[in-house]
Each structure stands twice: as C-alpha cells, then as structure tokens.
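Structure record follows, encoded as structure tokens.
Derivation of every value follows stated rules applied to the coordinates shown; laboratory data play no part. Not measured: the values here are computed from a predicted model. Neighbour counts run over all protein chains shown; Cβ positions are idealised from the backbone, glycine included.
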Amino acid sequence: MADSSFDIVSKIDRQEADNALNQAQREIATRYDFKNTGAAIDWSGEWGIEITANADERALAVLEVFKEKLIKRDISLKTLDADEPRQSGKDTKISASFGQGISTEQAKKLSKLIRDEGPKGVKVQIQGDELRVTSKKRDDLQAVIALVKGADLDFAVQFTNYR
C-alpha cells in the first residue's frame, strides 16, 4: 500500500477576502458613526489593504469592522498584518496586508514539532512555502492534524491534498 499524505499550507482565498472587504465597505457606508468621517477601506495592490479616516479612533474602528467580516468568512486573523495608524495630511491611514505561505523558519519549527510530538513513522518534507506530511497509516496523519490544530502557532495553517 502506498503512503498516505497531506500538505500543510498557509493560504487565504482571495475571493473570500474580497467579499469580506466589500461587506465592510457597505457597513461603513451605512453606519451612522462613520458618517462624515471620510472612513474608507480599499485594496492596495494584490494582498494589501488601505484604511483611511479623519481620526485614529475611526480608522481603528474600520479595521475592527473588517476583522469581524474576516472572521465571519472563516479567514484567520493571523494572516492579517496591520500597521499602526499614521498621519497622512489631515487623514489617518492604516496599512494592512495578508501573509501568504509558510516561511522557512516557520516550516522548520512546525516540522520539529511534528517530529518531536507526533507519531513515529511520520515523515515531514519542506516544499517551498508548504509542508508535505506522509505516513503509512492514515490514523497517524489524523493525529498530526490534531497536533498542529492544537499547537499555538503564530500563523494560520490549512490542510490540503489529503490522500
């Protein structure tokens, strides 16, 4: 019997992120506390977000609205990296971006966790910005998934290509 495997990745669905941003834009446009504050949220490049308002508090409130929409769309907040509010003329701006992929140091940390605490006979390979986990037993793979889900990681992970 061939080995079973799955991949550990850190990716977000661009369409879901776009839907969350559009929902946040609609809520900002209709909420009374955002009237006449110049509050706006837009894409800035492929994975960047730009938030604008006339005060720090309003900009942070827009960021909170966007985070709520991300949570409702099952996008982990660990993927969103937001900067501190900064003055830009008379407006306050916040830049945020989505992190994609698992860095080399994060991959090493994750593979060490699986090797140390996971079942014996499980192999982990780092393949670019994802990890491939293989084992002869599917139960071992299920145990690894439970282990990774239970670990307190500082980045979001998803499990794909389970076979």
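Quick one: length gained pulling Leu113 to Ile126 fully straight, 0.36 nm per residue minus the C-alpha distance?
Gain on stretching Leu113 to Ile126: 3.3 nm.
Using a Cα-Cα cut-off of under 26 Å, which lysines could be cross-linked to Lys78, ignoring same-chain neighbours fewer than 8 residues away?
Lys11, Lys67, Lys69, Lys93, Lys108, Lys109, Lys112, Lys149
Using a cut-off of under 19 Å, list every residue of the range 116-132 whose amide N is near the label point 7 Å from the Cα of Arg14 along the Cα-to-beta-carbon line.
Output list for this probe position: 129-130.
Using DSSP to call loops (not H, G, I, E or B), can you name the trypsin sites (Lys or Arg not before Pro) in the range 32-115 whose Cβ has at most 14 other Cβ atoms within 10 angstrom?
Lys35, Lys90
Need the full-extension length gain, Lys137 to Phe155, defined as separation in residues times 0.36 nm minus the C-alpha distance. One decimal, nm.
3.8 nm is the gain from fully extending Lys137 to Phe155.
What net charge do the residues around Lys11 carry, taking every other residue with its C-beta under 12 Å from that of Lys11, with Lys and Arg at +1 and Asp and Glu at -1? Could you put the intermediate results ahead of the total?
On the way: positive: Arg14; negative: Asp7, Asp13, Glu16, Asp129, Glu130.
Net charge in that neighbourhood comes out at -4.
For the chain, take the longest principal axis of its alpha carbons; what is the angle in degrees between that and the long axis of helix 14-30, to the nearest 10 within 0 to 90?
Relative to the chain, helix 14-30 is tipped by roughly 30 degrees.
Computed on alpha carbon atoms, what radius of gyration and Dmax characterise the chain, expressed in Å?
Taking only Cα atoms of the chain, I get Rg and Dmax of 19.7, 66 Å.
Please give the calculated 222 nm ellipticity per residue for the chain, where each DSSP H segment of at least 4 residues contributes -39500 (n - 2.57) and the sum is spread over every residue; nearest 500 deg cm²/dmol?
-12500 deg cm²/dmol
Provide the net charge surrounding Ile145, with neighbours chosen by a C-beta distance below 14 Å and charges set as Lys +1, Arg +1, Asp -1, Glu -1.
My count for the surroundings of Ile145 gives +1.
Contact order normalised by length for the range 15-163, with contacts defined as Cα pairs under 8 Å and 6 or more residues apart; what percent is it?
Relative contact order of the range 15-163: 17 percent.
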